[in-house]
Amino acid sequence: MALKKKLLITGAAGYVASQMLPSLRKKYELVLLDASTKNRDGEEVEGVSTVDLIDKNRSAYSHFFEGVNAVIHLAYKRRSGQPLDHFFDENQNVQMAYNVLRSSYDHGVDRVVIASSNHASDFYEHALIHDRSLEMLDPYRLALSDNFYGWAKASYEHLGFLFACGGMGEGGDGWSENLVAGNLDTSRKMGVVMVRIGAPRNLDAKQYKDRAASFKRDLGAFISPRDITQLFEKSVEVENIENEYGIPWQVVYGISNNTRSFWSLANARKVLGYDPMDDSEILFAEAVQSIITDAGRVGPA
């Protein structure tokens, strides 16, 4: 009998992790990390070790990465204060993403799957999608956000690319004796998948009273528990995740097979073999009928 892969999950007591853990516990040997051992309901989550992954002293937690085959990074520090001050909390989240990537890299981890967010590309949604200036957003369009949360997630994506492109040798600073090739192919390429999660929650009709436009938007962004679990499992398991340039780095949207989707799943389907099973239009059909009278487009009602 083949040995189970060893999978490390950060943010393991969090909401997104709670949707995936029942399946992941059956398939993998798990290392579960979080800042707390309790979920949002105050219940203990079995097997969670408490760590501070923002701490620059990686020796305090690096041992958890030993012998790990893949990492799923879900941990996140909530922002607080005024919007202009969100930079400081989000900058710590970027530091945490680096610590996870660096610890994974240093311990020979093959694959890191990180929870990015649709907000990494918020500009396109807010400025173009909902007035139909853009019909469908491809995940490889330059990540542009209009808020610090999205900025941090876009920074995660670029960090992941650095570790995936094989340029971390010679100090990893973009400088080498060969100014043409730079640092490329001076280090191993660690596979990285960035999952721009949409709306992983139940769409309660009561919350959308007199907010048809928001409901239409969330119908497009929805991802069900079984679909998010499948997407992350595929991101861990698929052997070859190289992009068109031979870099083992993918940015994929995390949504179900939604009738009203406005983010492309093309590479998630083609590269990862993602086959989402649910459609928000069917799951929430009763709410669609009761809330949406001007049925059709994603934008304003």
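Structure data summary
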read-out	value
Looking only at the range 63-92, and only at residues there that are surrounded by fewer than 17 Cβ atoms within 10 Å (Cβ to Cβ), farther than 22 Å from Lys4 by Cβ and small (Gly, Ala, Ser), the one that is farthest from the chain's Cα centre (by Cα)	Gly81
Meets criteria (under 20 Å from Ile241 (Cα atoms) and either assigned to a helix (DSSP H, G or I) or not aromatic (Phe, Trp, Tyr) (or both)) for Val68	yes
Residue match in the range 40-59 (condition: over 22 Å from Arg102 (Cα atoms), touching a residue at least 12 places away in the same chain (Cβ under 8 Å) and touching a strand residue (DSSP E or B) at 6+ places or on another chain (Cβ under 6 Å))	yes
Residues within the range 247-301 that are at pLDDT 95 or above, loosely packed, with under 13 Cβ neighbours inside 10 Å and not in a helix (DSSP H, G or I), tallied	3
Matching entry among Ser103, Ser155 (being out of contact with any strand residue (DSSP E or B) (no Cβ under 7 Å at 6 or more places or on another chain), in a helix (DSSP H, G or I) and over 25 Å from Ala266 (Cβ atoms))	Ser103
Check on Leu3, of a type in the set (A, V, I, L, M) and farther than 22 Å from Tyr61 by Cβ	yes
All positions within the range 198-238 that are farther than 24 Å from Ile292 by Cβ and not in a helix (DSSP H, G or I)	Val238
Boolean, Gly160 is of a type outside the set (A, V, I, L, M, F, W, C), surrounded by 14 or more Cβ atoms within 10 Å (Cβ to Cβ) and either in contact with a Pro (Cβ under 7 Å, 6 or more places away or on another chain) or part of a loop (DSSP other than H, G, I, E, B) (or both)	no
Val180 vs. criteria in contact (Cβ under 8 Å) with a residue 24 or more places away in the chain and either under 24 Å from Tyr140 (Cβ atoms) or assigned to a loop (DSSP other than H, G, I, E, B) (or both)	no
Number of positions in the range 120-143 that are of a type in the set (D, E, K, R), part of a loop (DSSP other than H, G, I, E, B) and in contact (Cβ under 8 Å) with a residue 60 or more places away in the chain	4
In the range 2-17, residue surrounded by the fewest Cβ atoms within 10 Å (Cβ to Cβ) [restricted to those that are in contact with a helix residue (DSSP H, G or I) (Cβ under 9 Å, 6 or more places away or on another chain) and not in a strand (DSSP E or B)]	Lys4
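Residue-by-condition table, conditions (1) among the basic types (Lys, Arg); (2) at pLDDT below 95; (3) under 22 Å from Met190 (Cα atoms); (4) touching a Cys at 6+ places or on another chain (Cβ under 6 Å):
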| site | (1), (2), (3), (4) |
| --- | --- |
| Asn69 | no, no, yes, no |
| Asn91 | no, no, no, no |
| Gln95 | no, no, yes, no |
| Asn99 | no, no, yes, no |
| Ala115 | no, no, yes, no |
| His119 | no, no, no, no |
| His130 | no, yes, no, no |
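Residue-wise test of (1) closer than 19 Å to Ala13 by Cβ; (2) among the hydrophobic types (A, V, I, L, M, F, W, C).
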site	(1), (2)
Val48	yes, yes
Asp52	yes, no
Lys56	no, no
His63	no, no
Asn69	no, no
Phe87	no, yes
Glu90	no, no
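The values are calculated or read from the model by the stated rules, or taken from the named source; none is laboratory data. A quick note: this is a predicted structure, and the numbers were derived from the prediction, not measured. Backbone-built Cβ (ideal geometry, glycine too); neighbour counts: all protein chains shown.
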